[in-house]
Amino acid sequence: MKNITFLFAVVILLFLNACQQSDKSTEAAIEPTENEITGLVEKVLTAEEQAALSPDDVIKVFKEGNERFVNNDLTTRNHSAQVRKSTNAQYPKAIVLSCVDSRVPVEDVFDRGIGDIFVARVAGNFVNEDILGSMEFACKVSGSKLILVMGHEHCGAVKAAIDDVKLGNITPMLEKIRPAVEVVSYDGERNSKNEDFVHMVCESNVKNTKEEIRMNSPILKEMEDKGEIKIVGAVYDMDTGKVSFME
C-alpha cells in the first residue's frame, strides 16, 4: 500500500512539473523580448522642423501616405515607443476636420503616427465655434501648416440633411449642413437615393465649410492670406480608400 501511495505521489509531481514547463513555454511564445519588438519609431517633430515645413510639404506627405494606405502598405509603428517620445511636446503638421463616421480612420488614411496631426470630428464635417477654436489652437498656437476639411462618400449626415430629417438634437445639427444642399444646382432627383446628387452635396459641404472657416475666423483667414497655412478640401472614397484633393 505504501508503495502504491509513493508511486501515485511521484506521478502527480511529474504531471505538475510538466504543466509548469508548458506554461513557461507558452509565456515565452506570447511575451516578445525587447529585440523582437519591431516597428518604426518616428522622430517626434521639433518646433524648428515644423516651422521649416510649408503647407505644400504637408499636402505632399498626406498624398504619399494615402497612396500607401490604398496599396495596403501602411508603416509598421511601435506605438508604445511613440507615446513615450511625444509625451512632453507636440508640433503636428496639420489639423484634419473629418466626419465622425467610424469607417474613416483619419490617421491610417494618411499613414500618420502619434503626434503627427490634430483631428477634429463631427457628423457632416461642418464647423462651429468650438471647432474653429480648435483650429486656431492647432495653427496659431501650435504651428500646424494645413487645415484639411475631409468629407466622404455615402455620408449619412449629408444624406440626412438632403432628406431634411427631424430627430432630437440631430435636427439642429443638420441645419449646419443644409446650406450646402440648397446651393447645389441640379435638375434630377434631389434625394439621398440619388448617389450623384449626394456626391455633389458632399463636395458642396466641404467647400461651404472652408468658406465658413475663412469667414468666421479672422485669425485663420489672415494666416492663409500670408501663406502661413492653407485651407484645403478633400473627399474620401469609401470604396477604395482614396482621398481626392479638391484643389
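The values are calculated or read from the model by the stated rules, or taken from the named source; none is laboratory data. Predicted model only: the values in this text are computed from it and were never measured. Positions of Cβ are generated from backbone atoms using ideal geometry, with glycine treated the same way; all protein chains shown enter the neighbour counts.
Worth a mention:
- Taking each residue of the range 52-74 that is farther than 16 Å from Glu247 by Cα and among the β-branched types (Val, Ile, Thr) and looking for partners that are loosely packed, with under 13 Cβ neighbours inside 10 Å and modelled with pLDDT of 95 or more with beta-carbon atoms closer than 9 Å, six or more apart or interchain, yields Val70/Thr240.
- Ser144 being free of Cβ contacts under 8 Å to residues at least 60 places away in the same chain and assigned to a loop (DSSP other than H, G, I, E, B): no
- Failed condition for Phe126, given (1) outside any loop (DSSP other than H, G, I, E, B); (2) buried (at least 18 other Cβ atoms within 10 Å of the Cβ); (3) in contact (Cβ under 8 Å) with a residue 40 or more places away in the chain: (1)
- Residue match in the range 156-170 (condition: assigned to a loop (DSSP other than H, G, I, E, B), of a type outside the set (A, V, I, L, M) and surrounded by 16 or more Cβ atoms within 10 Å (Cβ to Cβ)): no
- Complete set of residues in the range 102-112 that are surrounded by fewer than 19 Cβ atoms within 10 Å (Cβ to Cβ) and in a loop (DSSP other than H, G, I, E, B): Ser102, Arg103, Pro105
- Flag if Phe137 is in contact with a Lys or Arg (Cβ under 9 Å, 6 or more places away or on another chain) and among the aromatic types (Phe, Trp, Tyr): no
- Qualifying residue in the range 95-115 (condition: over 25 Å from Asp73 (Cα atoms) and free of Cβ contacts under 8 Å to residues at least 40 places away in the same chain): no
- Scanning the range 226-247 for residues that are over 19 Å from the mean Cα position of the chain (by Cα) and more than 14 Å from Ser54 (Cα to Cα) gives a single hit, Glu247.
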